[in-house]
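What follows is a single structure, written as structure tokens, with notes after it.
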Amino acid sequence: MGKGAIQHEDYCILSTIEKNPTSGEIVFYFTSNEVRKVRIVILDSQMNDYLEVSNEECSKGGNIVRFDSTKIPNGEYFYGLLTENQKTVKKMTVING
């Protein structure tokens, strides 16, 4: 690889949630090539921290973090995966009942 090229193995891959808009239990799925500390967070529509879903060491390979979306009001949000060298953010809409 060339100088300055991104080493993909240094980063987790966060999958898009299956249903969007979503309701009830949300399954956040990501993969990691190594054990590392990972935070899963919910951000408001202005990209401000709203709620921390998980903050723990992940396994090598596939990881699942479950979240009950009825704990937050209906609306537009972002969900993010954060490590010491990465911040990946995706958009979601929550509509419960």
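If we keep just the residues of segment 71-90 that are of a type outside the set (A, V, I, L, M, F, W, C) and either assigned to a loop (DSSP other than H, G, I, E, B) or surrounded by fewer than 14 Cβ atoms within 10 Å (Cβ to Cβ) (or both), which is nearest to the chain's Cα centre (by Cα)?
So the first thing to find is which residues in segment 71-90 are of a type outside the set (A, V, I, L, M, F, W, C), and the list is 71, 73-77, 79-80, 83-88, 90.
Filter again for either assigned to a loop (DSSP other than H, G, I, E, B) or surrounded by fewer than 14 Cβ atoms within 10 Å (Cβ to Cβ) (or both), leaving 71, 73-76, 84-85, 87.
On the way: LYS71: 17, PRO73: 18, ASN74: 18, GLY75: 17, GLU76: 15, GLU84: 14, ASN85: 15, LYS87: 9 Å.
Per the stated criteria, the residue is LYS87.
In a loop (DSSP other than H, G, I, E, B) and within 11 Å of the chain's Cα centre (by Cα), is that true of THR16?
Working: in a loop (DSSP other than H, G, I, E, B): yes; within 11 Å of the chain's Cα centre (by Cα): yes.
In short, yes.
Among the candidates GLY61, GLY97, single out the residue that is modelled with pLDDT under 95 and either at positive phi or more than 13 Å from the chain's Cα centre (by Cα) (or both).
Working: GLY61 fails: modelled with pLDDT under 95.
Matching residue, one of GLY61, GLY97: GLY97.
Only one of GLU34, GLU25 is exposed (fewer than 14 other Cβ atoms within 10 Å of the Cβ), within 20 Å of ASP10 (Cα to Cα) and touching a residue at least 12 places away in the same chain (Cβ under 8 Å). Can you tell me which? Let's see the steps before the verdict.
Details: GLU25 fails: within 20 Å of ASP10 (Cα to Cα).
Result of the check over GLU34, GLU25: GLU34.
Would you check which residues across segment 50-65 are surrounded by 11 or more Cβ atoms within 10 Å (Cβ to Cβ) and among the charged types (D, E, K, R) and list them?
The answer is GLU52, LYS60.
The values are calculated or read from the model by the stated rules, or taken from the named source; none is laboratory data. Predicted model, so just to flag it, every value in this text is computed and none were measured. Cβ sites come from the backbone with ideal geometry, for glycine too, and all protein chains shown count toward neighbours.
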